[in-house]
Amino acid sequence: LSLTTVSRRVARLRRDEILGISAVRNPSKWGYLANAYVAIHADANKVQKICAELAAYPELHLIMTAMSGFEILVGIHAPDSEKMYHFIVDTIARIEGVTNIETFVCAEIHKRSFALFDADRS
């Protein structure tokens, strides 16, 4: 295909909101070597307030409510495990309404993909 054809098709997909283009950096290449997910147990009536407070921290790349044994799941990137530990215990654990936390520290990444779905699935 010619560059003009590809550009026109991509422009149409973007205009129709079928396709979005964004850059996602690899945190380890930017010096964030400690990565974890933190499951937060919280008072049910304070979940939205906790999420709003967490949103102010650039260390967190994901904040979502969950329908499981915990109320909130956050993803954290930190330069090292010590800074990550202090952020979790000194910041997250001290937020009003947080009752307990569980931390899942990344030991190795075996696959990293930024695709939301597999276009080849039948």
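Values computed for the structure shown
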| item | result |
| --- | --- |
| Amide hydrogen neighbours beyond the local backbone of Glu71, cut-off 5 Å, H modeled | Ile40, His41, Ala42 |
| Contour minus Cα-Cα distance for Asn45 and Ala107 (0.36 nm per residue) | 18.9 nm |
| Cleavage-rule hits, GluC sites (Glu not before Pro), the stretch 1-73, DSSP coil, Cβ neighbours within 10 Å at most 11 | Glu17 |
| Mean separation of Cα contacts under 8 Å (6+ apart) over length of the chain, as relative contact order % | 30 |
| Candidate lysines for bridging to Lys83, where Cα separation is under 22 Å - those fewer than 8 sequence places away on the same chain excluded | Lys29 |
| Sites excluded, chymotrypsin sites (Phe, Trp or Tyr not before Pro) in DSSP loops with at most 15 other C-beta within 10 Å, longest stretch of the chain | 1-113 |
| Given (i) 1.37; (ii) 1.12; (iii) 1.17, the label whose value is Cα Rg over 2.2 N^0.38 Å derived from this model | (i) |
| DSSP loop trypsin sites (Lys or Arg not before Pro) with at most 12 other Cβ within 10 Å: longest gap in the chain | 26-93 |
| Spin-label zone in the stretch 75-116 - amide nitrogen under 20 Å from a point set 7 Å from the Cα of Ser22 along the C-beta vector | 75-78, 112-116 |
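The numbers here are math on the coordinates, done by the rules we state, and not lab data. Here the structure is a predicted model, which means the values were calculated and not measured. Reconstructed Cβ throughout: ideal geometry from the backbone, glycine too, with neighbour counts over all protein chains shown.
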